[in-house]
Amino acid sequence: MNGSADPRVSAYDRGLHFGDGLFETIACVGGRPRFLTLHLERLARGCSRLSIAVPNLDELREEVSSLARDVDRAIVKLLLSRGTAVGRGYVVTGREKATRITIRYAWADEDPAWLHDGVRVRTAELRMGENPALAGIKHCNRLEQILARHECTDPGISEALLFSSSGRLVSGTMSNVFVVHGSRLCTPRLDLCGVEGVMRRVVLREARRAGIAVDECVLGAQDLETADELFLTNARIGIWPVRSLDERPMSPGPVTRLLQQVMAPLLEEPADA
């Protein structure tokens with residue numbers, strides 16, 4: 001914690017009490033973190049939005065990089081809370097000192113066929129609340145995602161897609177979603193809720209470089225029903241094609257395959273930005 005090996009966190013930490021903080025989940029391959037600069041940029045944007053003092057990003061870079069060294073595959077979670085409360089209640093005094101925690105996890109087991117054949121996905125019943133003040137950032141309150149994931153009782157379902165309270169497609173519980181209609185690639189606009197994933201950002205960038213028409217727009221249930229292709233992204237999985245949505249068969253298509261091909265070297269020989 002805070003750069004030391006001491007694992008103790010104050011019982012008065014505002015992250016524990018209120019979810020008052022941010023986190024990044026960083027995939028590390030071959031001893032190097034993927035897209036670390038982009039993760040730190042998003043963390044800094046979130047700090048600005050929540051009025052948490054931006055930590056020394058060079059220190060964070062070295063801390064994450066040191067945990068990634070000499071490990072073939074790992075996940076580093078970087079968590080930053082506003083720190084120990086200096087008074088009772090929600091009020092922020094400005095005297096709080098941020099708490100940072102970095103943890104290295106083993107790489108999760110997954111079926112290699114998911115990358116090629118795709119995964120099974122369902123839509124969740126839960127609807128996400130819309131709040132522009134929190135939209136886009138990866139804050140510590142993930143209760144909506146926890147409840148939506150708890151709906152999935154079939155172990156063969158890899159992800160659940162979430163809509164907002166007004167019926168807008170948002171994301172998966174742990175992923176961003178991309179919809180392909182013909183040769184046009186679309187992903188939900190995240191101005192009301194949802195997390196702007198680092199892998200989402202990279203896929204949008206690389207799609208444009210590859211000459212694919214890209215649109216961040218408002219999407220609804222009808223867009224899912226008429227999709228020619230569907231795929232999911234996050235920092236660990238890269239791109240997962242979807243092979244079924246609510247038991248409706250789908251197939252990984254040419255846009256998904258092209259982007260998987262484009263992204264492969266960036267994931268296996270981790271790029272920084």
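Working from label points 7 Å from Cα in the Cα-to-Cβ sense, the ALA44 to ASP191 distance is 2.5 nm. Over all other residues within a Cβ to Cβ distance under 15 Å of ARG95, the charged ones net out to +1, with Lys and Arg as +1 and Asp and Glu as -1. Spherically averaged projected area of the convex hull of Cα atoms, the stretch 108-201: 7.0 nm². Seen from a random direction on average, the alpha-carbon convex hull of the stretch 188-273 projects onto 6.2 square nanometres. Using only the alpha-carbon atoms, how far is helix 254-268 inclined from the longest principal axis of the chain? Give it as 0 to 90 degrees, nearest 10. On a 0 to 90 degree scale, this one is about 30. A 1.4 Å probe run over the chain, with the rest of the protein chains in place, finds 48 Å² accessible per residue. Once the stretch 1-149 is represented by equal point scatterers at the alpha-carbon sites, with solvent omitted, what log10 I(q)/I(0) does the Debye formula produce at q = 0.11, 0.17, 0.18 Å⁻¹? Result of the Debye calculation: -0.51, -1.11, -1.19. Taking the square roots of 5 times each eigenvalue of the Cα gyration tensor of the chain, largest first, gives ellipsoid semi-axes of 32, 22, 17 Å.
The values are calculated or read from the model by the stated rules, or taken from the named source; none is laboratory data. Here the structure is a predicted model, which is why all the values come from computation and not from measurement. For neighbour counting, all protein chains shown are included, and Cβ atoms are generated from backbone atoms with ideal geometry for every residue, glycine included. Ligands, DNA and RNA are excluded from the accessible area calculation, which covers all protein heavy atoms including side chains. Shrake-Rupley method; radii C 1.70, N 1.55, O 1.52, S 1.80 Å.
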